[in-house]
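This report refers to the structure that appears directly beneath it.
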Amino acid sequence: MSEYLEVIANKINKGEEIFTLVRSMKALASTNINQYELAMEALTDYYRTVQLGLSISLRDVHQFNFQDGDFIKSKSVQVLVFGSDQGLVGRFNEVIAEKVLRFFNDFPLDKTKIWAVGDRIAGHLTDRHLNIEGVLELPTSVHGITSLVTEILDTIPLSTIYIFYNQPVMKNFLFQPYQEQLLPLDKEWLENLEKNTWPSNRIPEIMGDREKTLGLLVREYLFVSLYRACASSLTSENTSRLASMQRVEKNIREFLENLQELYYQKRQEVTDNELFDLISGFEALRNDLDKRDLF
C-alpha cells in the first residue's frame, strides 16, 4: 500500500509541474496577444497616411494600369496562407486550411502557387493534396513581422494575390478565417480613395514621376496589408492557444483534485490498517498474558 501511495504522490508532483507550465504558457500567450494588438493599433495611423498619399496620387494619374507597374513581376496567381509554426492551438490551422480548400472549389488550382507561412499550416495544406510552392517561417515576436513582410514582398511574385488568415473575435474569445484579395487593387476602393478629402487646406504636390510614386505607395499599401494580416493571425493563434491552455488548466486541476482525494483516502486506509494491526497485536499480547496468569 505504501508503494501505491508513493506512485500517487509522484503523479501529483508531476501534475503540479505541468500545471505550473500551463500557467506560464497562458501568461506568455496573454502577453503576446497584447503586443500584437498594440502593433495593429499603431499601424492604423500609418495605413491612414498611405491612403492619403494614394488619394493625392490618384487624382492626377487616371490611366495607370495596376497590372503593369514596376511592382508587378508575374502574371501567375499567388495564394499566401498564414498559419502557425507551433501546436497547442486547437483547430487554428484546420479552420484556415478548410477555408483555402473551399476557395479552390471555385478556382483553377493549376494556375495557382500556394505559399504557406508556418510549418503547421503547410502540413495541413499538404494533407489536403495541395502543392506548396514555399514555406516561410513565422516570427516569434512583433519585432519580426517587418522582416517577414519584407521577405514576402521580395520572394513572392506580385501579380494577383490572395491572402488567407484568421482574425480574432475578441467578444467570443474565438477567431474566424478571412480571405482577402490584395492585387489587383479593387477599382471601387481606388475610386473612393480618390474622393477622400485632405485633412488640411494645403494640398500636397507630388514631385517627380507620379506613376512611380503611385507604384511605391501601392507597395506600402501591400506592406501594411500583409503586416496587418500577419499580426491578426498571430493574435488569433495566441487567442486559440490561451483558450486551449485554459481548458488544459481546468482538466489538470480536476485531475489533481481527484488524485489528492484518492491519496488522502488511501493514506487513511493505511493509517486505519496500521491501527487495526496495532490493536490486534495488543489484544493478542494481552490474551497471551492473561493465559500465563491462569497458570
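The values are calculated or read from the model by the stated rules, or taken from the named source; none is laboratory data. All of these numbers come straight from a predicted model, not from anything done at the bench. Quick reminder, even Gly has a Cβ in these numbers, built from the backbone with ideal geometry, and neighbours come from all protein chains shown. Side chains included, ligands, DNA and RNA excluded: accessible areas come from the protein's heavy atoms. Shrake-Rupley method; radii C 1.70, N 1.55, O 1.52, S 1.80 Å.
Yes or no, residue by residue, for (1) acidic (Asp, Glu); (2) over 22 Å from residue 227 (Cβ atoms); (3) assigned to a strand (DSSP E or B); (4) modelled with pLDDT of 85 or more:
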| site | (1), (2), (3), (4) |
| --- | --- |
| 8 | no, yes, no, no |
| 45 | yes, no, no, yes |
| 54 | no, no, no, no |
| 64 | no, yes, no, no |
| 75 | no, yes, no, no |
| 85 | yes, no, no, yes |
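Scanning for something within 30 Å of residue 36 (Cβ to Cβ), in a helix (DSSP H, G or I) and at pLDDT 90 or above, does region 254-277 turn up at least one residue? Spell out the reasoning first.
Pass one, region 254-277, residues within 30 Å of residue 36 (Cβ to Cβ): none.
No, there is no match, as no residue in region 254-277 is within 30 Å of residue 36 (Cβ to Cβ), in a helix (DSSP H, G or I) and at pLDDT 90 or above.
Just a yes or no: is a residue in region 152-167 outside any loop (DSSP other than H, G, I, E, B), at pLDDT 85 or above, in contact with a strand residue (DSSP E or B) (Cβ under 8 Å, 6 or more places away or on another chain) and acidic (Asp, Glu)? Quick ask: steps written out before the conclusion?
From region 152-167, those outside any loop (DSSP other than H, G, I, E, B) are 152-155, 160-167; that's our starting set.
Narrowing further to those that are at pLDDT 85 or above: 152-155, 160-167.
From what's left, in contact with a strand residue (DSSP E or B) (Cβ under 8 Å, 6 or more places away or on another chain): 152, 155, 160-167.
Imposing the further condition that a residue be acidic (Asp, Glu) reduces the set to none.
Scanning region 152-167 turns up no residue that is outside any loop (DSSP other than H, G, I, E, B), at pLDDT 85 or above, in contact with a strand residue (DSSP E or B) (Cβ under 8 Å, 6 or more places away or on another chain) and acidic (Asp, Glu).
What do you reckon, is residue 214 of a type in the set (A, V, I, L, M) and surrounded by fewer than 18 Cβ atoms within 10 Å (Cβ to Cβ)?
Numbers: of a type in the set (A, V, I, L, M): yes; surrounded by fewer than 18 Cβ atoms within 10 Å (Cβ to Cβ): no.
For residue 214, the condition - of a type in the set (A, V, I, L, M) and surrounded by fewer than 18 Cβ atoms within 10 Å (Cβ to Cβ) - is not met.
Output the residues belonging to region 229-253 that are of a type in the set (D, E, K, R) and touching a residue at least 60 places away in the same chain (Cβ under 8 Å). Give the derivation first.
Applying the first criterion (of a type in the set (D, E, K, R)) to region 229-253 yields 237, 241, 247, 249-250, 253.
Result: 237, 241, 249, 253.
If you go through region 1-12, how many residues are out of contact with any Lys or Arg (no Cβ under 9 Å at 6 or more places or on another chain) and either farther than 21 Å from residue 248 by Cα or open to solvent by 80 Å² or more (accessible area, probe 1.4 Å) (or both)? Break it down stepwise before answering.
Initially, region 1-12 is screened for residues out of contact with any Lys or Arg (no Cβ under 9 Å at 6 or more places or on another chain), giving 2-3, 6-7, 9-12.
Then drop every residue that is not either farther than 21 Å from residue 248 by Cα or open to solvent by 80 Å² or more (accessible area, probe 1.4 Å) (or both), which leaves 2-3, 6-7, 11.
The number of residues fulfilling the criteria is 5.
Run residue 215 past the list (1) out of contact with any helix residue (DSSP H, G or I) (no Cβ under 6 Å at 6 or more places or on another chain); (2) touching a residue at least 60 places away in the same chain (Cβ under 8 Å); (3) in a loop (DSSP other than H, G, I, E, B) and report the number of the one that doesn't hold.
Condition not satisfied by residue 215: (3).
Could you check region 96-116 and list, in sequence order, the residues that are closer than 16 Å to residue 229 by Cα and either of a type in the set (Val, Ile, Thr) or loosely packed, with under 14 Cβ neighbours inside 10 Å (or both)?
96, 100
Mind counting the residues in region 117-142 that are outside any strand (DSSP E or B) and open to solvent by 50 Å² or more (accessible area, probe 1.4 Å)?
From region 117-142, those outside any strand (DSSP E or B) are 118-131, 137-142; that's our starting set.
Checking the rest, the ones that are also open to solvent by 50 Å² or more (accessible area, probe 1.4 Å) come to 119-120, 126-129, 131, 137, 140.
Number of matching residues: 9.
Which ones in region 72-111 are under 18 Å from residue 174 (Cα atoms) and of a type in the set (Val, Ile, Thr)?
89, 95, 96
Residues are listed down the side, and each one gets a yes or a no for (1) within 25 Å of residue 90 (Cβ to Cβ); (2) surrounded by fewer than 19 Cβ atoms within 10 Å (Cβ to Cβ):
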{"residue": "228", "(1), (2)": "yes, no"}
{"residue": "234", "(1), (2)": "yes, no"}
{"residue": "238", "(1), (2)": "yes, no"}
{"residue": "242", "(1), (2)": "yes, no"}
{"residue": "246", "(1), (2)": "yes, yes"}
{"residue": "253", "(1), (2)": "yes, yes"}
{"residue": "257", "(1), (2)": "yes, yes"}
{"residue": "260", "(1), (2)": "no, yes"}
{"residue": "267", "(1), (2)": "no, yes"}
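List pairs: first residue in region 254-272 and of a type in the set (Gly, Ala, Ser), second residue surrounded by 10 or more Cβ atoms within 10 Å (Cβ to Cβ) and in a helix (DSSP H, G or I) anywhere in the structure, Cβ distance under 8 angstrom, at least six positions apart or on different chains.
The qualifying pairs do not exist here.
Within region 143-157, which residues are buried (at least 19 other Cβ atoms within 10 Å of the Cβ) and either within 15 Å of the chain's Cα centre (by Cα) or hydroxyl-bearing (Ser, Thr, Tyr) (or both)?
Result: 145, single match.
When you check residue 248 against the structure, is it β-branched (Val, Ile, Thr), farther than 17 Å from residue 48 by Cβ and within 21 Å of the chain's Cα centre (by Cα), yes or no? Break it down stepwise before answering.
Numbers: β-branched (Val, Ile, Thr): yes; farther than 17 Å from residue 48 by Cβ: yes; within 21 Å of the chain's Cα centre (by Cα): yes.
It is true that residue 248 is β-branched (Val, Ile, Thr), farther than 17 Å from residue 48 by Cβ and within 21 Å of the chain's Cα centre (by Cα).
Between a residue in region 35-49 that is surrounded by 13 or more Cβ atoms within 10 Å (Cβ to Cβ) and any residue that is outside any helix (DSSP H, G or I) and among the hydrophobic types (A, V, I, L, M, F, W, C), which pairs come within a Cβ distance under 9 Å, given they are 6 or more apart or on different chains?
Every condition considered, the pairs that remain are 37/170.
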